[in-house]
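Input: a single structure, listed below in structure tokens.
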Amino acid sequence: MVYSDAKLAPAGPKVLMLVGDWVEDYEAMVSIQALEMLNIVVDVVSPGKDRGQMVMSCIHDFDRSHIDGAQDVVFANSLGLSGGNPVGFQAVSERPGHAVLITRNFDNVDPADYSGLIVPGGRSPESLQLNETILDWVRRFFDEDKPVASICHGIQILAAAGVLDGRTCTGHPCCRPQAQSVGAIWEPTNLMDTVIDGNLITAAEWTATPGMLRNLAAAMGITSSYVQPAGLGRV
């Protein structure tokens, strides 16, 4: 039997995702697909881009000792790294990733249409944090206490928007000085955990994407659970 989107349930809540060239591949692509699996509509937007255009993503990985202040040495060791004696490259490797499809015209966005905001990391926040329209949108989500999920370098955009004063958060460890300079309370993590402070949901690396998305969905009133059918075993 062939299934099409037309046979699925009516669209659920809408989330706005901010991307630009060299957004982190995993944090954007996995988030889009996982949220859509929960019937959440994800509008992917980028400055100067219209629906149907693309931005390029990048892939950063833990090729050499990229633990950057992580507290969990067991996790570091599982990656073949050493949290106490870093060796090799001082930064992650960077490769081209997938092309990310823009699904809504940037100039047609109204934050009032969305139940939440998701801000992936990678390189794109370096330029997106300079866009005043994006900063205004971020402030509106915070003013209306809507869920905002930020991962990795996405915290740079929130810092530039001036919404982190007194808020507990995390992100890529190299973003800590910028966040703290605008009053954020920085929470180091093991790169797997999610930090929640009211409407603000933050994570440090792509390794924490599942928890970030789970908490974002829950903040919008969407939860899921799995009940194993009788007679179905696991081998």
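Nothing in this text is a laboratory measurement; each read-out follows from the coordinates by a stated rule. Predicted, not measured: the structure shown is a model, and the values here were computed from it. Cβ sites come from the backbone with ideal geometry, for glycine too, and all protein chains shown count toward neighbours.
Scaling against 2.2 N^0.38 Å puts the C-alpha radius of gyration of the stretch 20-59 at 1.19.
Applying 1/(1 + (r/R0)^6) with r as the Cβ-Cβ distance of Ser127 and Met192 and R0 = 25 angstrom yields a FRET efficiency of 0.35. For Cys174 and Thr103 in the same chain, what is the full-extension length gain: residue separation times 0.36 nm, less their Cα-Cα distance, in nm? That pair, Cys174 and Thr103, stretches by 22.5 nm at full extension. Each residue of the stretch 164-181 was assigned a 3J(HN,Hα) from its phi angle through the Karplus expression (A = 6.51, B = -1.76, C = 1.60, θ = phi - 60°), giving 9, 4, x, 9, 7, 7, 9, x, 4, x, 6, 8, 4, x, 5, 5, 5, 5 Hz with x at Gly and Pro. With a simple spin-label model that places each label point 7 Å from the Cα along the Cα-to-Cβ direction, the separation between Arg139 and Ala112 comes to 1.8 nm. On full extension, the segment bounded by Arg95 and Val182 gains 28.2 nm, given 0.36 nm per residue less the C-alpha separation. Listed by Cβ neighbour count within 10 Å, with the fewest neighbours leading, Cys152, Cys58 appear as Cys58, Cys152.
A crude spin-label estimate for the pair Glu36 and Asp165, with each label 7 Å from Cα along the Cβ direction, gives 4.0 nm.
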